[in-house]
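Before any comments, here is the structure.
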Amino acid sequence: MFVQPLFADNAFVFAVKNATTEGIITVIALVLLSLFSWTIIITKVRQLVIARNASRKFFAAYNATRDPLDIQRQGAEFEGAPAYQLYIRAADEVTYHLKNNPVAVPVAATLEPADVMEHTNTDYYAKTVPAKISMPSFEAVKVVLEEAAGAEAMALEKGMIVLSTAVAGGPFIGLLGTVWGVMSTFAGIAESKAATLTAMAPGVAAALVATVTGLLVAIPAMFAYNFMVTTIRHLTQELDGFASRYANQIEHVYVDHRPLAEELQIANEALAGRIVGALRNSEPHELVDQ
């Protein structure tokens, strides 16, 4: 004996055919919410997959060098990695201060360039940097790091409000359509004075379509939302950790930490050297005049 599929042919189609105007409006609203939800799901999944893969490559490249500005100088790019966006903004800020507000420091004469290239210790490399930045300049770099970290976190969370609305609001919108449809059904039965199962069934079945549609919207959005929230939390924590680590490495390599007395001594020696040089250059001119 041939049996028709209950859900596809009998229940669902029957309920849709008997749907009231308010039920149709509710279902249309839920379908639109579902379209927005699936658009966000597809877009965010693609964004998060790219971010995880690109971040893995970026951290591998960053861990392979002891110079905090090495990746920028090489011109390497890791599009889609939130940490790289943070890195490049801070590196550009450090480069700007090194170019416009440099602090000259004495380099240890005992360090050979070949030894520096082979050595992997950050402290060893920091002693070979001839120009650094001051603490006020480093404070500006830290501000850029904080702004970049906040911007990348907001970019990762963008659109999540749509999924949370679908999860929380979808069933309630469906329930509203169901209650509204049942209310209309009972009102019609009261007017017709025919309280039979045959009279009630079409209206109740049509009203329940709204609840079913609301659940179909909310269930996939719920699974996607939980997955994305976990992934975004992992990426943002990774981003915060990298911001602290990068700021620490910039400070260690490129920030001048000499005592004030030593800075004044070196400045005075440099000034004295310039004065002596000027006097020596002026002596031949005086002899010629005599």
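Kindly indicate which of E251, E152 is at pLDDT 90 or above, of a type outside the set (G, A, S) and within 27 Å of the chain's Cα centre (by Cα). Spell out the reasoning first.
Values: E251 fails: at pLDDT 90 or above.
On inspection, the qualifying residue turns out to be E152.
Of all residue pairs spaced 6 or more apart or on separate chains, those with beta-carbon atoms under 8 Å, a first member in segment 143-161 that is over 17 Å from A247 (Cα atoms) and a second member that is modelled with pLDDT of 90 or more and charged (D, E, K, R) are G159/K44; M160/K44.
Total residues in segment 40-65 satisfying the condition of being of a type in the set (S, T, N, Q) and in contact (Cβ under 8 Å) with a residue 60 or more places away in the chain: the figure is 3.
Please specify each residue of segment 204-221 satisfying the condition of being aliphatic (A, V, I, L, M) and more than 31 Å from the chain's Cα centre (by Cα). Spell out how you get there, then give the answer.
Initial filter on segment 204-221 (aliphatic (A, V, I, L, M)): 204-210, 212, 215-219, 221.
Once the filter is applied, which keeps residues that are aliphatic (A, V, I, L, M) and more than 31 Å from the chain's Cα centre (by Cα), segment 204-221 yields V204, A205, A206, A207, L208, V209, A210, V212.
Across segment 212-238, the qualifying residues are those that are modelled with pLDDT of 90 or more and of a type in the set (S, T, Y), and the one among them that is surrounded by the most Cβ atoms within 10 Å (Cβ to Cβ) is Y225. V27 - would you say it is β-branched (V, I, T), modelled with pLDDT of 90 or more and assigned to a helix (DSSP H, G or I)? Answer is no for this residue.
Among the residues of segment 60-101, those that are under 16 Å from E251 (Cβ atoms), of a type outside the set (S, T, N, Q) and not in a helix (DSSP H, G or I) comprise R66, D67, P68, L69.
The values are calculated or read from the model by the stated rules, or taken from the named source; none is laboratory data. This is a predicted model, so every value here is computed, not measured. A quick note on method: Cβ atoms are made from the backbone with ideal geometry, for glycine too, and the neighbour counts reach across all protein chains shown.
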